[in-house]
Amino acid sequence: MSMTIKVHVTTHFNLNIQHQTTRHRRKFTNYNLKIRPRPIYSSSPLTVYQPKMNSLSVQSSSSSVIKSSLIEPDGGVVVDLVVPESELGQKTVEAESMPSVKLTKIDLEWVHVISQGWASPLRGFMRENEYLQSLHFNCLKMGDGSLVNMSLPIVLAIDDETKERIGSSTNVGLVGPSGDLIGILRSIEIYKHNKEERIARTWGTTAPGLPYVEEVITPAGNWLIGGDLEVLKPIKYNDGLDHYRLSPQQLRNEFDRRQADAVFAFQLRNPVHNGHALLMNDTRKRLLEMGYKNPILLLHPLGGFTKADDVPLDVRMEQHSKVLEDGILDPETTIVSIFPSPMHYAGPTEVQWHAKARINAGANFYIVGRDPAGMGHPTEKRDLYDPDHGKKVLSMAPGLEKLNILPFRVAAYDTVGKQMAFFDPSRAKDFLFISGTKMRTYARNGENPPDGFMCPGGWKVLVNYYKSLQSEEMAQQLAVLTS
């Protein structure tokens, strides 16, 4: 296998920053349509627990200390911005007296991301200096001159009316979409939101039809507000999946509990097929051959905003559970957790964010494949980004030097072997490439993919999902005709 593993000397950063209709076409504001009352990962050995926030090591039987979190978080410590229980009453009263800023559901996802430390050492929504560095340099320069990667601006937009209401106040309260008090933003700075510049620098195009732009940026206000964040209570979605939204610190604790000596992360926003499983299992095999004794896979599906034709999170999580139940991935060496970030579909710019966040969770290896975080061009029949640029950018990105990047070989369906296999150019005609779009078309039409493409239990989840969509569409059409 032609896998390249780049090993770098770890640099320590010890710095602080102050500062629809149907479910298929539904608007993001209805993303919690399906509530699951109990966990769906009945076969997963991962338990729900209270993390020991100050313990990052586990004692082995031989009394030697095994340290699994082999990579330091950016800034040297995982940020935790949830207010201590002892201060909750006082902070709540204080927040209620401040001018308020209303959050959208995607804003709330970013509050979740920041408060748990995925963006460490960032301690709040970006002020203008951080915003400009992120937008133009894809990184932040710390006080000692070192760099941490920060390829996506993490910002909060407000409109003219809200800006006027805030006036000269230096602190604001943050109110969730349902009207509940979420937290406080302190020592605020308000600055101009140049949408065209932000879009052009982040996506490399201002073409219409970019999902995140249409959902978030276009309707947003003309001002950005930055400041230091305090969150009153941990963010919960009450969708039956909260126990899988493990924070970076909880993941580090779990790696230690399992006595991992290497952690390799795999980000995805699609159902897991046997090609994915092939490369994840092969990666673990290669790490064992390199001398690691207990490599652990972090299977880390993105759980924030995704575009309308992506498979919803609850369906993906149920599909992932079948992959574990069917033994395609080993539950003993796999941790399945939800990454709470919204999806930008910004290609090489965004994949840096995905990698950086996994550093903060303790992963020291990151698997990257073809066109990571990419999408088709919104107005032309081509990919928006070069499919190889994501992995190339990751290997050169400032602030990611301590992360080992694992480019994987292309997997396709071997029509001779009747299984997913690594593509062999010498017999290219024997291989069938099944894209995500093609996979969804199979499921939508009730067709079965070739044997060996996906475990039967996982495929049944997808077929049932698309059947439910068709039933909902028919019911809505009938309701329209009746009315």
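The values are calculated or read from the model by the stated rules, or taken from the named source; none is laboratory data. Predicted, not measured: the structure shown is a model, and the values here were computed from it. Positions of Cβ are generated from backbone atoms using ideal geometry, with glycine treated the same way; all protein chains shown enter the neighbour counts. For accessibility, only protein heavy atoms count, side chains too; no ligands or nucleic acids. Shrake-Rupley method; radii C 1.70, N 1.55, O 1.52, S 1.80 Å.
For segment 212-256, with every protein chain kept in place, what is the accessible area per residue (1.4 Å probe, Å²)?
31 Å²
Dipole size in debye (nearest 20) for the chain around its Cα centre, Lys and Arg Cβ +1, Asp and Glu Cβ -1?
900 debye
Just by accessible area at a 1.4 angstrom probe, what is the order of D256, D160 from largest to smallest?
D160, D256
If each of T218 and R370 carries a label point 7 Å out from its Cα toward its Cβ, how far apart are those two points in nm?
3.0 nm
Which sequence of Y385, Y292, Y345 reflects their accessible areas, 1.4 Å probe, from the largest down?
Of Y385, Y292, Y345, the descending order of accessible area is Y292, Y385, Y345.
Share of the chain's accessible area from carbon and sulfur, percent, 1.4 Å?
50 percent
What value, in deg cm²/dmol to 500, does the helix sum -39500 (n - 2.57) over DSSP H runs of n ≥ 4 give at 222 nm once divided by the residues of the chain?
-9500 deg cm²/dmol
Provide V311, V93 ordered by accessible surface of protein heavy atoms (probe 1.4 Å), highest first.
Details: V311 0, V93 95 Å².
Largest accessible area first, the residues go V93, V311.
Considering Cα pairs under 8 angstrom that are at least six residues apart, work out the relative contact order of segment 372-418 and quote it in whole percent.
22 percent
Could you run the Karplus curve 6.51 cos²θ - 1.76 cosθ + 1.60 with θ = phi - 60° over segment 166-176 and give me ³J(HN,Hα) per residue in whole Hz, x for Gly and Pro?
5, x, 9, 4, 9, 10, 9, x, 10, 10, x
Can you give the % of DSSP beta bridges in the chain that are antiparallel, to the nearest 5?
55 percent
How much accessible surface does D451 have with a 1.4 Å probe, in Å² rounded to 10?
Here the accessible area works out near 120 Å².
Taking the Cα atoms of the chain, what is the range of coordinates along each of the three principal axes, in descending order and whole Å?
73, 70, 42
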